[in-house]
Each structure stands twice: as C-alpha cells, then as structure tokens.
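Structure, as structure tokens:
Coordinate-derived values only; no laboratory data. Everything numeric here is computed off the predicted structure, so don't read it as measured data. For neighbour counting, all protein chains shown are included, and Cβ atoms are generated from backbone atoms with ideal geometry for every residue, glycine included.
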Amino acid sequence: MTAWNTTAGDGYELFFGYRDEAAYAGAVERLVADGVAGKLAAKDPTLWGPEAEPEASKRLGWVDLAEHSRPLVAEIESLREQLRVNGLDHVVLCGMGGSSLAPEVITRTAGVELSVLDSSDPDAVRSALSDRLESTIVVVSSKSGGTVETDSQKRAYEKAFRVAGHDPADHVVVVTDPGSPLEAEARAAGYRVFTADPMVGGRYSALTAFGLVPSGLAGADIGALLDDAVGIRDALARDAPDNPGLRLGALLGVAATQAVDKVVLADAGTEIVGFGDWVEQLIAESTGKLGRGILPVVVEGVDAPNFVPSTSDETLVTIGSEFVFDRVRTESGWGASVDATLGAQLLLWEHATAVAGWIIGINPFDQPDVESAKSAARALLDAERATPQPTFSDGGIDVHATPGLLPEGADSVDTAVAALLDRLDPDTGYLAVMAYLDRLAAAEVAGVRASLAARTGRPTTFGWGPRFLHSTGQFHKGGPAVGVFLQVTGEPQEDLEVPGREFSFGEFIAAQAIGDGSVLAEHGRPVLRLHLTDRAAGVAQLLGSLR
C-alpha cells in the first residue's frame, strides 16, 4: 500500500510517501510512546543502548547549539571587520569532513566566497597557495587537532607566508577542541583561536565554531542561520506524531529495515546550494556500521540518472519546494520532500539521523571503520615507499585491480571497467567512484557519476578523495558489503613538499588512495584503480571509457 501526506509547520514543510503505512505509523507511535524526542532534547545518552552510551554521553551537545552558539556571532563579526580593515578579505578554510562540508554549504547558499582546501593533492595545494596570498586569512579547522591533511595544509601556508615576508600569526585563525594539540601549538604561535564544543562530533558540528567561524568570516549571516535553527527547535523536541524529526527519521529507518537502504538526494527547487554533500556525510558516517546502514546517493538534479529510483531498494528524498510526488512514484514506495531554510534543515536532519539510528539499532555517533584507512596510509608513509606496479597499462592509464577481478588477458581500460561492473549485484549493489584529483581542475570527472548510473541502472555515488574518507568512507567499510569501487588517481604536474615532514603531498595522497583500497580489499570489496600517468590525456581517455 502506498500513502502520501503533507505535514507543515512554522518555516518547514514535509511531504512523505511510504510503502508500508502500518510499519511507518507503528514506528512513529513507538517513537512517541518511548519519548525519544524528549529524551534526545534532554541529551539522554541511553537512547541507543548500553554499548552506545559511553560515546553518546559525549556527543549530544549539538541538540541546543542554536542557542549556545549565539555568543560566537558578535565575536566572529568583530574579527571579520578587523581583518578586512587589515586588508584580509580572502578566506581559505583548511579542514576535512565536518570541518569543511557545512561551511561550504553555508557560504555557497549565502552567495559569499569561501575557498575550501580539503585535499592532499599537490596541484590543488599549490593552486591555493598562489591565490591572493597577501590578502588571505586561513582558517585551520581540526576537532582532534591531529588531522594529518589539515596539519599538512597549515604547514604549507605557514611556509608560504614566511617566504612572502608575512607573519603567519596575522593570517591564521584556528578552530579546534579545547585541550587539543593544535590549540596549544596555535596559542604558542600567537594565532587567533576559537575552541568548539567538545561534546559535539564532527559531522554534527555545523552550528558550532567549526561551521560558524569560516562562514561568518567569509560574510555569511550566521545569526540568521541560528535563528532558523531556533525556529524548528521546539517542533523537534516534542513527543508528538507531527514532530518532523521523528517522521523523517522513521521514514529513513523503517525503509532501511525493509531493505530499502539507499537514499537518493536531489535538489528540487531549493535555494540551498550543495546540501546533499553535507547530508551525505551525516547519514553515511552515522549509520554505516555493523553491516547495516543507509547509503546516500547525491544526484545532480531532478533530471539526473538515479533521480527517480528504478529499483526496489531506493528511497527518493528531494530538498526544496517542488513536491515531485505529484508526478513520481518510486518503485520502492518510499520517499520524502523536505522544504525549509538552511538552519532548520541542518538541525532537522541531525535529529532525523539520530532517530534513524535508533530504529536501525546502531550508534549514530561513532565511526569505527574510519581509522582503518588512516592507519593504512600512515603505514605506507612509514614504510619504504615503492611504486605499486600496474596489472597493465592502456594509453595514459595504469590499471590496478584486486586479485581475481580482471579476466585473464585483460589489456584495456574498457575491459577492466566492464569486469568491475560485472561484479555489481543487480538487486542490492552500488557503485562508488572515488577520484583522488584536484577537484577544481578536474571538475568534469564528477560527470561520470551520471554516466555510470545510466549505464548500470544501480545507485552510483561520487566522492573526491581524500575528503570522502572523512564521510562515506565509513559506510564503504562498515555498511552492507554490496559495493564495488572505482578509484581514480593521477600523477601531479609537480609534487610539493610538506614542510617539516618526511613525505610530500604527492606521496601522502597516493598513500591515502592505496591504503584505502587495501582496506576495502581486506573487507572483500572489489576495487579497480585507474591511475592517470598524464592527467590531461588521462582524463580525456577516462571520460571516453566511462561514458
């Protein structure tokens, strides 16, 4: 049975479709009866069971950030004016995962410039360093204070400032947790430091200093953002069937328990720019563990392949005011449309993800498989760095594959890609494309997602490396073992040293890609890596093969 209904509230509107009305209604009733919304608002860490309690007890500070972050607004705005008086009006954010995804959405939606450096690619780092250095203020964001990518970027900027005759202390602002190694180091260097709420995990940190400092310095109206979040707070806290967080979380969670565990996210007339990239991390990293989870599939728009899910394991969720369910019925029978301002959307989806975790039976605040790829990369950097030998080369592309993936005698990229896609389960599988390239210079590579989705008819995701390692990387290893993986790496135009380290940026990003591929292989996932020996020629060949 398929039912469709609209729920409206102050500043938000939701439209739901559910295949199993009884299961959905029952889940909402159970959530209300168990007081889940009220307990979440009260930061009750017992909601997700005794095993999750130790982590949940230190990860629920996001619930009331709409109010608690208010004092930051005046402080950030004052610093912004001071910096601009000093001629510093080009804001660069060095951060990974939750430290960069939320500020990118906030500033793009506000229409203000923020340059985000979330890559280890030497060409990307060199390009950032050459852009308006004298007027640059660098926001270095790391919750742990030990994120290797962010530390490497900071070191590169510090050296560039000194070479240009500038004092880094005039150009660097740090955001980190109190007591982190980065805080002590930054204060000793004379940097301006903002400490964030340590009771908030990275992917829930949009309304902490991690989201607000770079966004506010770039010129976004962060006060209005918090106002929007305050506007939906009471609705999310009440134990009632019309609570939008309970309803959205129930839809995601119940669908996943019925093997509808992929969520297609599309823009349907919203003014919010790039929201899917932020939601992708929130959902994938929060739910993808213990062999369970929800895979977000961010598509290019309402006309993109995968927009109307053609398989029974996909839920369609649109962001915006176009209620597509008037003309679209998904094969799975599950779907939602969510229309709200950005601040309200951020808080709504955080609540809904926590609720979905409650229904699925996982801890939405840990990420047990993220560290494995980091450890593999560190091990490669510490070892004798030998260049892996390809299985074969085809034109400007070296082909690497997990054992047993390629047929005997394979000698072309086309054959290798076909072999990977042959491993894609037609009923439950998904394809993940992961490009370890300069995402600005090689932006056209992202277009292969739509091409491969149309070719396979299966959910297809695209992620830029290494940023996805702090996002969907958790789901790839901890979620259902139904993915096949296509890595794209490339020789940089020129390598770049990491000041004070024994490795270069080129060696670092190579270790990240190879290390992640090895961990995926250890988990039994098929991995094909296409290495572009000449980026310009290799990209053209790659696009031809994948399209």
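Write down the Å³ per residue value for the convex hull defined by the alpha carbon atoms of segment 29-132. Don't skip to the answer; put the middle values down first.
Values: hull volume 17.3 nm³, N = 104.
Normalising the Cα hull of segment 29-132 by residue number yields 166 Å³.
Distance between Cα centroids, segment 449-485 to segment 401-425: provide it in whole Å.
When both Cα centres are located, 18 Å separates them.
Please report the Cα spread of segment 69-220 along all three principal axes, rounded to whole Å, starting with the longest.
That gives 38, 30, 28 Å along the principal axes, largest extent first.
Using only the alpha carbons of the chain, determine the length spanned along each of the three principal axes and report them from longest to shortest in whole angstroms.
Projected onto the principal axes, the Cα atoms of the chain cover 63, 60, 42 Å.
Determine the calculated [θ] at 222 nm for the chain from helices alone, applying -39500 (n - 2.57) to every DSSP H run no shorter than 4 residues and normalising by the residue count; nearest 500 deg cm²/dmol. Can you show the working numbers first?
Working: 20 runs with 228 residues, N = 547.
Theoretical 222 nm ellipticity from helices: -13000 deg cm²/dmol.
Return a whole-number percent for the relative contact order of the chain, with Cα pairs under 8 Å and 6 or more residues apart as the contact set.
Reported relative contact order: 18 percent.
I need the phi-derived Karplus couplings for segment 475-490: 6.51 cos²θ - 1.76 cosθ + 1.60, θ = phi - 60°, integer Hz, Gly and Pro marked x.
Per-residue couplings from phi come out as 5, 4, 9, x, x, x, 7, 10, x, 10, 10, 10, 9, 10, 10, x Hz.
Sort out the exposed loop GluC sites (Glu not before Pro) in the chain (DSSP loop, at most 15 other Cβ within 10 Å) and tell me the longest stretch that has none. Don't jump to the answer; show the numbers that get you there.
Values: sites that count: Glu51, Glu113, Glu271, Glu331, Glu384, Glu408, Glu494, Glu502.
Counting at most 15 other Cβ atoms within 10 Å as exposed, the longest clean stretch of the chain is 114-270.
Using the alpha-carbon centroid of each, what span in Å lies between segment 508-547 and segment 339-367?
32 Å
Can you work out D for segment 443-532 in µm² s⁻¹ from Stokes-Einstein, where Rh is the Kirkwood radius over C-alpha pairs, the temperature is 4 °C and the viscosity is 1.567 mPa s? Before the final figure, lay out each step's value.
On the way: Rh = 14.5 Å.
D, rounded to a whole number, is 89 µm²/s.
Under the definition of Cα pairs under 8 Å and six or more residues apart, what whole-number percent is the relative contact order of segment 364-465? All intermediate terms of the calculation are to be shown ahead of the outcome.
Details: 74 pairs, mean separation 19.3, N = 102.
Across segment 364-465, relative contact order equals 19 percent.
Compute the separation of the alpha-carbon centres of segment 252-320 and segment 105-151 and state it in Å as a whole number.
One Cα centre to the other: 27 Å.
Using the structure shown, select from Lys58/Lys477; Lys262/Lys289; Lys143/Lys289; Lys58/Lys143 the pairs with a Cα to Cα distance greater than 18 angstrom. Let's see the in-between values first.
On the way: Lys58/Lys477 24 Å; Lys262/Lys289 14 Å; Lys143/Lys289 22 Å; Lys58/Lys143 14 Å.
Violating the 18 Å limit, Cα to Cα: Lys58/Lys477; Lys143/Lys289.
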